[in-house]
Every structure is written in structure tokens, then in C-alpha cells.
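Chemist: Mind having a look at this structure? Questions to follow.
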Amino acid sequence: MDKNQVTGLLLIMAMLLGYQFFLAPKVEPEKAPEKAKVAQTSTAAKVTTVDSVALKAAAGDFASAAIGTAQELVLENKDIKVVFSTLGGKVKQVLLKNYETYNSFAAQKKEPLLIFDEAFDKITFDLPTTKGNVDLNKLYFTTSSKGGVAAEGQAQKVSFILNLANGQSIEQTYTLAGEGFLLDQDVKLQGLDGLLKNESVKLNWIENVRPTEKDLTENRKATVNYLLNEDEEFDQLAETPTGSKEESLEKPVKWVSFKKKYFLSGFITKNAPIQKANIVATANETDSLNIKTLRANMDLDLADLKSGKGNYQWYFGPNDYNLIKNVAPGFGKNVKLSYDIFLPITRYVFVPLFNVLETVFNNYGLLIIALVLIIKFALLPLTYKSYVSMAKMRILQPELNAIKEKVGDDAAAQQQAQMKLYGEVGVSPLSGCIPVLATMPILMAVFMLFPNLINLRQQSFLWANDLSTFDSIATLPFSIPLYGNHISLFTLLMTVSSIAYGYYNNQNTPDQTGQPIDMKKMAYITPVIFMFVMNSLPAGMSFYYFVSNLVTIGQQIGIRKFVDEDKIKAVLEENRKKIAAGGVKKSRFSEYISKQMKAVEETQKAQQADPKKKKK
């Protein structure tokens, strides 16, 4: 651009500016918009006034606290972060610092798990005043607290106070220890006797459960648990992923908890128990965000709050038995370790073993292998005894076959002759079953424990990124009834190993006559049925059973090398001679068989002697 062009552009700009400033017509601003603005301001003021009047009217004697500005405070320790609001002096949010949802974990976002959020969940205290119930959540409290981080071994507090005339006040104090998931709440009413009716305080608690785990059906099994105060009886609403469950608790209750798959929110009384409660669990089957709504409407003792004994605790954290067992009486029952009959095994064997092995292994796949080895070698004497019993039955198999040929298809006669043979050689056919039955509680305990064990949550091993849920190597374009729409490789390996164990066991087990079901075929059918059950259960459990099958096969192969069946046969022959000569005291089983045989023989003789009895 040359000098003339620059000069031209500058002149054009000057002319435009001059015209705009000196010659352009002046347009006076319209008055209508100003009037509209005034009208809008007036309307807004009127709405605010109406709202203020409505709020003050609803608050009754607490009208002075109905208007204000909310501010937030934060308490946190190494495990948990709690956000409070001066509006209601309440808990607004609770985050678990060291946990995350499955979706966050799978996407590697590393976002803390939000266990309580005012946007979805509510905790309200309703005071029974002479002018109606007043919701504390709608009143503005003041605070001089700053919040902060509680160091280990110390505690941090925040206090909220609502002051009225004549020394009347409501004070709420929250205390968070330097570690853990317990939040103490102390509520104190001062000088409010003239404003309150002699009725219970209503604590209304609602939680909309959001999915935290991979399996949406398991998420929808969230429920309400509780402990009756007098006899410390634990109970719960049914864990159903569909429909709605409700119960009215008319007896005093020590605590109420909202139990999700691996997380727990609990309200615990320190002094007077909850007087009564209504609890509800409703599945939101068409909602993928708020998948279930849990509700507890509780009546609290007003006298406790007046006397400064309104002391409560909230638990917001993992449903981990080691963390919750000492929170309150019976609180550990929120973790469904097992059925009561198997509970000692899980509580005193598996849980302590897990605790010890966690100090040794960082990888939970290796931990499960170590756990299997410890359990299987502890049960080795039973496995050995079972194998020896089967060896005895194999040795007697030729004689059992001879009995079958001699008697024919008469099952009753076959069984009678077999029992006689067992009595002659001092062998109990049940001796091989008892060791196997003795291991069943272990298998059942594992089946109950692993789906509720938070230790496996988001722990990866081989192709499974989370051992607490099913591993999926392929997604099917359709869903198979009772199986699902995915293929779990650990479940397939467990099934194959179970069939292999059944095949090996059948080669070492003699045929049994007179049985309505071919047990050898069941050794192949049962694993296939079990595969359908296990396909959507935790990969860690399928892996446990897979390793257990391999170890059992290995143990039996090793035992077979050390067991001399010729010696066992010689012992049986020696027993036969001694029992026949009366030189060996019969076992209880042999004595029982002898008595039964004599009873049968006497019955047969009586029938032969009296044909009429035979007809009967």
C-alpha cells in the first residue's frame, strides 16, 4: 500500500467520523423501555416480597431465619470430604476420596465417588412447633467456623447456630475425625419449650441410588437395613431389583442404613433410639441415573434435643466388614458375609485370611491362588480319607459285580447283599461322602462371601479389569435366559475344570447299584448348570473355583501315587477274617448293618412261616 492509498483511507475515516459526530440526526432514547424496566423491577420486587412473606409465614416463630444467603464450609480427612451449607446447617455433599464409580474407573478418570449429593438426596429435620412443623433445611444458620482438614489423630468441627429472641437458639455441630468415614452430629435446642409441641422430631432421609458398579441389576438390589434396639435383631427390606418394598417399624430402632452393593450410608443414635420409622425401597426400572429410591422417615426423641443429648452419627463409606464391625452394635451385619450357619467360617477363617494375605500380595489374583492353596492343604486329610475310601470301594468292585450278577435286577436284594459285604470287611460306604460333605461349607461360604467382598472391587487380574464383577471377553447380540448377553472366560474355565475333575473322579469311583440317578452323569451335568449361575457373578469367585478344581485334581493324582491299593486289599482281607472270628470289635456302622440284616432275616422267616403276613 503506497502513500496515496494510506492518505485516502485516513480521509474517508475522518469524513465518516465527522458525519457521525456533527451531522447525523440525534435520536432521543425511548421512554417505554425505561418504563418496562421499572415495571420489571417492580414486579421482581413484588415477587421477592411475596416469596419472603410466604417463607416467613411458613417458618412461623422462626421467620427471622427464613431469609438469608447460603455459604458453604468443608470438612475433610484423608478418606472423606464433607460439604456443608449454612442453609439448614446441613450436609450438602459427601465425597469418598479413595473410591470411584465403575464408569469412572473404566474410563480412567479418577473421580472421587459422590455418595451423598443434595441435588438427589435429602436429610431434613422437622421440628413440631405450635404453628406446625418447621423444616430446618429452609432456615438460615450462622457460623464462625472455617472448616478445614482434620489431621490423623485429631478432629475438626463446624458449628451452625440459629439465634432467636430471648436466648432461644438451635445449634448443630458436626465433628470429623482425622481418618475414617464417621461424621458426628450434635443437635441442641435451647429455650424453645414455648414454641414446640411435645411430639417427636421428624428426620426424613431420602437417597436416590446412582449406579456405582458394572452390573445395573446388582446396583438395583440396594436396600434399607436396620437394627431393633431392644434385642439387637438385624433385619432388612428384601434386596429386589424390581418393584417396591415398605415396612413400618413400631419398635425402637438403634440404627438405619441404606445399603448399596459395596457402599453404605447409615444413621446411628447414640442415646435414645429412633422411636419408630417407616422405610421404603423403590426400584426405578426405567431410570438409568436414579435407579432406586431409598427412604426412611424416622421419629426422634424431642427430649434428647432439648437436654443436649441429641447426639447422632452418620456413616458414609465403603461396606467393608473390617471398617464397620465396631461402628455400632450389629452394624457389621450390613456386610452379608454368609448365611448364619456358615457365618463362623467366613468371619473367623476367610476374613482374617484375607487380612493377612493382603499384607503379602498386591495382586488379588495371586492372593486368591494363595487362599486356595491354604484352604485345600488344610483340608488335605479329608481329601486323603475320601480317596482311601474310594480305593476300598474299587477293591470291592469285583465282589459287588458278582452280587449284581447273582441277585439280578432286584435293587432291594442288591443293596441288602452289598450292606452285608461292607459289614464283613468293616467298610462304611459313607466314609467317602463324609469328607466331601465336610468341605461343602467352605464352598458355600465362598459362594456367599465373594459377591459381597469389597476387597476385590476394581482389582484387575489377567483379562479381568474388576474381580468383583463378571469378566466379559465377548458380548452376544442376544440374551440367553439365565445366562445373559456376555461370555465370562473365568466361568468357562471353571466349568471345563469341573468337568475334567468329574471325569477324573469317575475313573476312580466304582459303579453304585440301586441308585435312581446316575451320579457319574451328574458330574458332567452339574458344572454346565452351574455355568449359567456363575456367568454374571464375580470373576474372582469363578477364578477361586477354577484354581480349587486344579489343586484338587493335583492332590488326588499325588495321593494316588502314595496309596498302595495292595496293602489296602490285604487290610480288608485281614478285617474279614478277624470280624468272622469275632476277634475285632465291629464299628458302629458294621453293628448297625448286622442289626438291620438280622431284622430283615427275621421278617423274611416270619413271612415264610405265615403266608398271611406275606400278603400283608
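The values are calculated or read from the model by the stated rules, or taken from the named source; none is laboratory data. As the structure is a computational prediction, the values presented were derived from the model and not from experiment. Heads up, the Cβs are rebuilt from the backbone with ideal geometry, glycines too, and the neighbour counts pull from every protein chain shown. Please note that ligands, DNA and RNA were not included when accessible areas were found on the heavy atoms of the full protein model with its side chains. Shrake-Rupley method; radii C 1.70, N 1.55, O 1.52, S 1.80 Å.
Chemist: With r defined as the distance between the Cβ atoms of A165 and A500 and R0 fixed at 60 Å, what FRET efficiency is calculated, to the nearest 0.05?
Modeler: My answer for the efficiency is 0.15.
Chemist: Run the quick spin-label model on N284 and A411: label points 7 Å from Cα toward the beta carbon, then report their separation in nm to one decimal.
Modeler: In this crude spin-label approximation the distance works out to 5.7 nm.
Chemist: Provide the FRET efficiency to the nearest 0.05 for the A402-D564 pair, computing r from the beta carbons and using R0 = 25 Å.
Modeler: 0.55
Chemist: Let me understand region 332-403 better: what is its radius of gyration from the alpha carbons, and its Dmax, in angstrom?
Modeler: Reported Rg and Dmax, both Å: 19.1, 59.
Chemist: A further question on this structure: What is the sum of charges, Lys and Arg at +1 and Asp and Glu at -1, for the other residues whose Cβ falls under 15 Å from the Cβ of T439?
Modeler: +2
Chemist: With each pseudo-label sitting 7 Å past Cα toward Cβ, what's the A70-I553 distance in nm, one decimal?
Modeler: Simple spin-label model gives 6.1 nm for this pair.
Chemist: Then there's this: Rg (Å, one decimal) plus Dmax (Å, integer) for the alpha carbons of region 90-174?
Modeler: My reading of the Cα-based Rg and Dmax gives 17.7, 57 Å.
Chemist: Here's a follow-up. Filter the GluC sites (Glu not before Pro) in region 137-212 down to the DSSP loop ones having no more than 13 other Cβ atoms within 10 Å, then list what survives.
Modeler: Listed in order of number, the matching sites are E152, E199.
Chemist: Just round it to a whole percent: the fraction of Cα-Cα distances in region 180-320 exceeding 17 Å.
Modeler: 61 percent
Chemist: Could you rank K420, K138 by how accessible they are, 1.4 Å probe, largest area first?
Modeler: The ranking, largest first, comes out as K138, K420.
Chemist: Relative to the Cα centre, what is the charge dipole magnitude of region 234-380, using +1 at the beta carbon of each Lys and Arg, -1 at the beta carbon of each Asp and Glu, and rounding to the nearest 20 debye?
Modeler: 280 debye
Chemist: Now for a different question. For region 53-196, which whole percent of the accessible surface, found with a 1.4 angstrom probe, sits on carbon and sulfur atoms? Spell out each step's value before the answer.
Modeler: Numbers: 3110 of 6650 Å².
The computed percentage sits at 47.
Chemist: A follow-up question, please. Binning at 10 Å from 0, report for region 151-218 what percent of all alpha-carbon pair distances ends up in each bin.
Modeler: Going out from 0 Å in 10 Å bins, region 151-218 shows 14, 28, 28, 21, 7, 1 percent.
Chemist: Let me ask something else. Return an integer: the convex hull volume of the alpha-carbon atoms of region 269-373, in Å³ per residue.
Modeler: Per residue, the Cα convex hull of region 269-373 comes to 191 Å³.
Chemist: Restricting to Cα pairs below 8 Å that are 6+ residues apart, what does the relative contact order work out to for region 278-418? Please round to a whole percent.
Modeler: After rounding, I find 8 percent.
Chemist: Protein chains only, probe 1.4 Å: how do M390, M534 rank by accessible area, largest first?
Modeler: Details: M390 25, M534 0 Å².
Result of the area sort, largest leading: M390, M534.
Chemist: On to the next question. Given a Förster distance of 41 Å, report the FRET efficiency between K577 and L373 from their Cβ-Cβ distance, rounded to the nearest 0.05.
Modeler: 0.45
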